[in-house]
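Structure record follows, encoded as structure tokens.
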Amino acid sequence: MVITYWSYADALIQTYTLPYLRIILSILPKGSKIHLITLERGIDLLNGKETEEGIINTQFKLIPFGPKAILEWRRNLKSLREMCSVNRISKIHTWCTPAGGIGYLLSKRTGIPLVLDSYEPHADAMIETGTWKKNGPAFRILHHLEKSQTFHAEWLIGVVAGMKQYASKRFGYEGTNFLTKPACINTEHFSLRKRKNQKLLTELGLQDKVVCVYAGKLGGLYLTDAAFDFFKTGAEFWGERFHVLLLTSAEPEVINEYCRKASLNRNQVSAVFVPHSEMPDYMGLGDLAFSAFKPVPSRRYCTPIKNGEYWAMGLPVVIPEGISTDSDIIRENNAGYVCREMSKAEFQSACTRIDQLLRSESGDNLSLRIHKLAEKHRNFTVAFEVYKTIYGT
């Protein structure tokens, strides 16, 4: 059984969970089934539908944290226990620590071994980004569950090796059941063949532009104000040639307000929301990308998927210091610019460095060199070896 805290349609399921489940199925004995649990906002919920061969999706209703959600999960855990019994579940495999908390409670009740995948700080990240309060119930409950699941799990799969040191310092964990698997990328899907689609360039009016791509949400956990300040600096540096391509679901009014605050010409910003299947075609229109993850301490132990996708599309990345191992990889491989702080001076330095890269290397050479970072650091071969360790015996 695989437990997540996301909707089945979410990109985190489609690109960050399902590819791994297919790998696990390839390792498991022939005829094995994976029961995938997702959380949905709608009312028409699936109950045991085989969405693809070997993967059966059961959906529960997503309820925001609070007393109602706690009562609902007491009922859900009973249903999950019955599912485990009926389907002879042999492992409970969870993605990220909120789902890990559910998996921990279920494992304790059933005795089925627990595997924690994408094990990274969540409770601390919510505090550091100002999303939760440290004395609030959400933080206290998840922090307690994170510690409990750390010691209970049969296997921990961190997205960076440093997560083991974090668990040691934060929880006193000194175990040897720790594996490392980054956020891997399908480099056939995110391919250099999809760069600079001429039809899309014409449709969006991006011919002969210096295009900065930003993919993801605005606000919340992301440095959105700083991102638009960088865009403003880019517009000053490259002039009218500079254009921002936002791949986001944000409403136009929200984008307008960020442009106003940054004194950025709205005409130099395009926003498109596309399904993940089309993301490489649009991401490939870029000449550079901005990675807007807040550089809080816990970000050292996470691996943002978007950075690997930017690399796979051959884009030099402007990124804050201290984001996973990605900031170090970018610096060491001359694959963009690492901002020591979110300041005008650093943004000007970033534009200068990116401009030097774009001028000093032909587009194809630069793209191929950066693409190889995705091949090296985000390859699914790493995931296969990790899952073979767990499921191959």
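All of the numbers you see were taken from the coordinates with simple rules; none came from a lab. The structure displayed is predicted, hence computed values, not measured ones. No Cβ is skipped: glycine too gets one built from the backbone with ideal geometry, and neighbour counts run over all protein chains shown.
What to note about this one:
- For Phe293, the residues 5 or more places off, or on other chains, whose built amide H falls under 5 Å of its own are Leu223.
- For His93, nonlocal amide neighbours, meaning residues 5 or more places apart or on other chains whose placed amide H falls under 5 Å from its own, are Val2, Ile3, Val115.
- Beta bridge orientation in the chain: antiparallel %, DSSP, nearest 5: 10 percent
- Over segment 238-393, relative contact order from alpha-carbon pairs under 8 Å, at least 6 apart, %: 18 percent
- Rh by Kirkwood over Cα pairs, then Stokes-Einstein D for segment 192-377 at 0.692 mPa s and 37 °C, µm²/s: 202 µm²/s
- Rounded to the nearest 20, the size of the Cβ-charge dipole of segment 192-377 about its Cα centre is 200 debye, with Lys and Arg at +1 and Asp and Glu at -1.
- Counted over segment 192-377, the DSSP beta bridges are approximately 5% antiparallel.
- When its C-alpha radius of gyration is set against 2.2 N^0.38 Å (N residues), segment 12-105 gives a value of 1.10.
- For segment 13-29, putting each phi into the Karplus relation 6.51 cos²θ - 1.76 cosθ + 1.60 with θ = phi - 60° gives couplings of 7, 5, 10, 10, 10, 4, x, 6, 5, 5, 5, 4, 4, 5, 8, 5, x Hz, in residue order, rounded to whole numbers and with x for Gly and Pro.
- For the pair Gln14 and Glu257, label points projected 7 Å from Cα toward Cβ lie 2.8 nm apart.
- Estimated Rh, segment 145-204: Kirkwood, alpha-carbon pairs, angstrom: 14.6 Å
- Loop GluC sites (Glu not before Pro), segment 187-240, which have at most 16 other Cβ atoms in a 10 Å radius of their Cβ (DSSP): Glu188
- nm² value of the averaged projected area, convex hull over the Cα atoms of segment 281-392: 8.0 nm²
- Theoretical ellipticity at 222 nm over the chain - DSSP helices of four or more residues, -39500 (n - 2.57) apiece, nearest 500: -13500 deg cm²/dmol
- Rel. contact order, % - alpha carbon contacts under 8 angstrom, at least six apart, the chain: 15 percent
- Taking chymotrypsin sites (Phe, Trp or Tyr not before Pro) as exposed when their DSSP state is a loop state and no more than 15 other Cβ atoms lie within 10 Å, the longest site-free interval of the chain runs over 66-272.
- Applying 1/(1 + (r/R0)^6) with R0 = 30 Å to the Cβ-Cβ distance of Glu82 and Ile27 gives a FRET efficiency near 0.65.
- Calculated FRET efficiency, Trp73 to Glu188, Cβ-Cβ distance, R0 = 30 Å: about 0.20 to the nearest 0.05.
- For segment 90-173, the percent of C-alpha pairs falling in each 5 Å distance bin, counted from 0 to the bin holding the largest distance, reads 3, 16, 26, 25, 18, 9, 2, 0.
- Between segment 321-393 and segment 293-317, the alpha-carbon center distance in angstrom: 8 Å
- Charge tally around Glu53: other residues with Cβ under 15 Å, Lys/Arg +1 each, Asp/Glu -1 each, net +2.
- When +1 charges are put on Lys and Arg Cβ atoms and -1 charges on Asp and Glu Cβ atoms, the dipole computed for the chain relative to its Cα centre reaches about 1100 debye.
- Local electrostatic count, Pro297, Cβ distance below 10 Å [Lys/Arg +1, Asp/Glu -1]: 0
- Distant-in-sequence amide H partners of Leu179 (H built 1.01 Å from N, under 5 Å): Leu156, Ile157, Gly158
- For the chain, excluding the exposed loop sites themselves (trypsin sites (Lys or Arg not before Pro), DSSP loop, at most 14 other Cβ atoms within 10 Å), the longest remaining stretch covers 218-339.
- Seen from Ser32, the other residues with C-beta closer than 15 Å to its C-beta sum to a net charge of +3, counting Lys and Arg as +1 and Asp and Glu as -1.
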